[in-house]
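Encoded as structure tokens, the structure appears first; notes follow it.
Only the coordinates and a few stated rules stand behind these numbers; no lab work does. A quick note: this is a predicted structure, and the numbers were derived from the prediction, not measured. Quick reminder, even Gly has a Cβ in these numbers, built from the backbone with ideal geometry, and neighbours come from all protein chains shown.
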């Protein structure tokens, strides 16, 4: 088994403890690279290309070449690749899911269709929800390695020059990697307590968002469906990788969410797809984009919408799908 080089250091993290207030924690990082030659990111596929290449590089870094596959590997409970890229319940799952959501998100939609000249800087954000053991050194080395080997059509190379942490405001914070030394970043902590009063919220769906209700894809962004998927994703990520399950009245909040009115919406469906590097099969990455305006007693839901601006919502969130932005309107 290969290991990350010693010059990255070993980041140490303490297990998240209980706190008086209800919060959601994550590590939010902004990676910066310098293109060593012209680079091109296919339209609508930048995040998928990066995530796929990252998974392959990470696998080569930590897995035995003789491994029969993460889902059947005898060491999957301790394997960093299985835990982060193909997380599967070992026995009875506390979340009720056989396959767990991946504990990270790649955000690179701004690179879609972009051509990066040689020598120019570019970057993207990488969010990690595993707060107890984020394996940050492995991620850093994997990103550095895959960029040196080349990425995208033409396999152009790049070098990792810096990593900065992000603040809760999404602004750039302290530098945690200078190309050689990796420091321990501080997690972003977002309160889930209802504090701000809100009677009207505009939600912008920045990347394709696929939501389901009763097993069916919905084409209209009803608030009760949006909130249910936001709540379930936050609950599952927090239960599996963070501070524990949300102590919520799920049915009660779900009923109250039905009272929130969809005042207006202007969304359109975008059809996208990806091809699996393992099976060659095509998978839909489509969903709706646009915005919706909601009205009602929103104060208890607002903290969860704020967390969802980090986690994303809906299918393929790890690829950067389901990214939302919110704006509270005061009347």
Relative contact order for region 6-189, counting Cα pairs under 8 Å that sit 6 or more residues apart, in percent: 40
Helix-only [θ]222 nm of the chain, DSSP H runs n ≥ 4, -39500 (n - 2.57) each, per residue, nearest 500: -7000 deg cm²/dmol
Cut-off 12 Å, label 7 Å out along Cα→Cβ of residue 263, residues of region 188-221 by amide N: 199-203
Per-residue Cβ neighbour rank within 10 angstrom, fewest leading, 304, 138: 138, 304
Gained length - residue 159 relative to residue 183, 0.36 nm times residue gap less alpha-carbon distance: 6.8 nm
The chain: relative contact order in percent, alpha carbon pairs under 8 Å with at least 6 residues between: 24
Length released on extending from residue 204 to residue 300, taking residue separation times 0.36 nm less the Cα-Cα span: 32.6 nm
√(5λ) per eigenvalue of the Cα gyration tensor, region 6-189, largest first, Å: 27, 21, 16
Rounded FRET efficiency, nearest 0.05, which uses the C-beta distance separating residue 327 from residue 270 and R0 of 22 Å: 0.50
Rounded FRET efficiency, nearest 0.05, which uses the C-beta distance separating residue 21 from residue 43 and R0 of 56 Å: 0.85
Contour minus Cα-Cα distance for residue 170 and residue 217 (0.36 nm per residue): 13.9 nm
Cβ-based exposure ranking for 255, 130, 291, in which fewest neighbours within 10 Å come first: 255, 291, 130
Order of 310, 269 under a 10 Å beta carbon neighbour criterion, fewest first: 269, 310
Region 103-211 - percent relative contact order, Cα under 8 Å, separation 6 or more: 15
Among (i) 6, 29, 38, 22, 4, 0, 0; (ii) 5, 25, 35, 25, 9, 1, 0; (iii) 5, 19, 21, 17, 15, 13, 6, 3, 1, 0, the entry derived from the coordinates for P(r) over Cα pairs in 10 Å bins from 0, in percent: (ii)
